[in-house]
1. Counting only helical runs of four or more DSSP H residues, what would the 222 nm mean residue ellipticity of the chain come to if each run contributes -39,500 (n - 2.57) and the total is spread over all its residues?
2. When the chain is treated as a GNM, springs tying every alpha-carbon pair under 10 Å, which of 27, 16, 178 comes out with the largest mean-square fluctuation?
3. Tell me, what is the FRET efficiency for residue 121 and residue 155 to the nearest 0.05, using R0 = 45 angstrom and their Cβ-Cβ distance as r?
4. Can you say what percent of the DSSP beta bridges in the chain, counting only those with both residues inside, are antiparallel? Round to 5.
5. By the scheme Lys and Arg +1, Asp and Glu -1, what is the net charge of all other residues having a beta-carbon under 9 Å from that of residue 180?
6. Please quote Rg/Rh for region 1-149 to two decimal places, taking the Kirkwood radius as Rh and restricting both calculations to Cα atoms.
7. Give me the net charge for the shell around residue 124: Cβ to Cβ below 15 angstrom, other residues only, Lys and Arg +1, Asp and Glu -1.
8. Would you please state which residues of region 16-33 a label at residue 168 would reach in this model, taking the label point 7 Å out along Cα→Cβ and a backbone N cut-off of under 17 Å?
Amino acid sequence: MPAERSPGRGPARHVLILGGTTEARRLAEALEHQPSCQVTTSLAGRVAAPLLPPGGTRVGGFGGVAGLAGWIVGSGVTHVVDATHPFAERISFNAAEAQALTGVPTLALRRPGWTPGPGDDWRFAGSLEEAAAALPGLGGRAFLTTGRMGLHTFAHLSDTWFLVRSVDPPEGPVPPRLEVLLARGPFALADERELLARHRIDVLVTKDSGGSATAPKLAAAREAGIPVLVVRRPAVPAGVPETDSVEVVLDWLGTGS
């Protein structure tokens with residue numbers, strides 16, 4: 001059963017934030033002192049010690065579309081904001097289907113993806129599997145920043161040395177030549193430069209997560225002249241409006257200035 005912390009009362013609106021991102025936290029902080037809003041942020045529970053946002057929180061899955069729809073109706077949710085990670089695709093599709101079932105309006109808060117600039121050497125892959133297939137031709141010492149959940153995809157690459165950075169230790173199959181760095185962003189450009197140099201990294205592998213917290217690694221790779229293998233974002237559900245602005249969400253909720 002999901003762990004819950006009581007969100008308290010809110011007289012006019014109950015906003016369910018599907019969270020786990022910086023944007024979700026910023027939204028919860030903006031709504032913290034809105035007397036007309038009760039806020040519950042839902043976290044997937046994939047991080048052992050998540051940074052809890054202000055307001056009410058729940059940790060754990062809903063049990064699919066039916067479970068999410070039931071929670072929305074049973075908790076009196078009036079608005080849903082999908083502010084999940086760009087690669088947390090299943091929950092976004094569940095949220096879209098729950099909107100169709102419940103009629104509760106849903107807005108997606110998605111950060112823009114990264115775009116290459118002058119001097120960047122970016123290669124693109126449609127999935128982690130494609131990235132694993134392309135990696136041996138790009139370098140032998142890889143800085144892998146795609147998260148611990150998909151690390152098994154690279155476990156068969158015995159000739160590549162990996163530096164893996166994640167919040168929690170990886171589980172399951174991992175590459176045989178591996179060093180794990182436990183760290184939570186944001187990361188500074190100077191530190192990323194030093195990291196690439198110290199470990200003699202010759203290829204960076206990342207998901208197109210967007211945002212500023214982990215973007216300095218891209219600048220460091222550009223300066224070092226090493227290629228970046230970027231996993232493209234998965235498709236998003238149709239029929240759910242989206243924005244990259246917390247202020248737009250506040251206006252949508254009727255709480256903007």
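1. -8000 deg cm²/dmol
2. 178
3. FRET efficiency, residue 121 to residue 155: 0.95.
4. About 5 percent, rounded to the nearest 5.
5. Surrounding charge for residue 180 is +1.
6. 1.06
7. -1
8. Taking a point 7 Å out along Cα→Cβ of residue 168, the residues of region 16-33 whose backbone N falls under 17 Å are 19-21.
Coordinate-derived values only; no laboratory data. These numbers come from a predicted model, not from an experiment. FYI the Cβ positions are ideal-geometry reconstructions off the backbone, even for glycines, and counts take in every protein chain you see.
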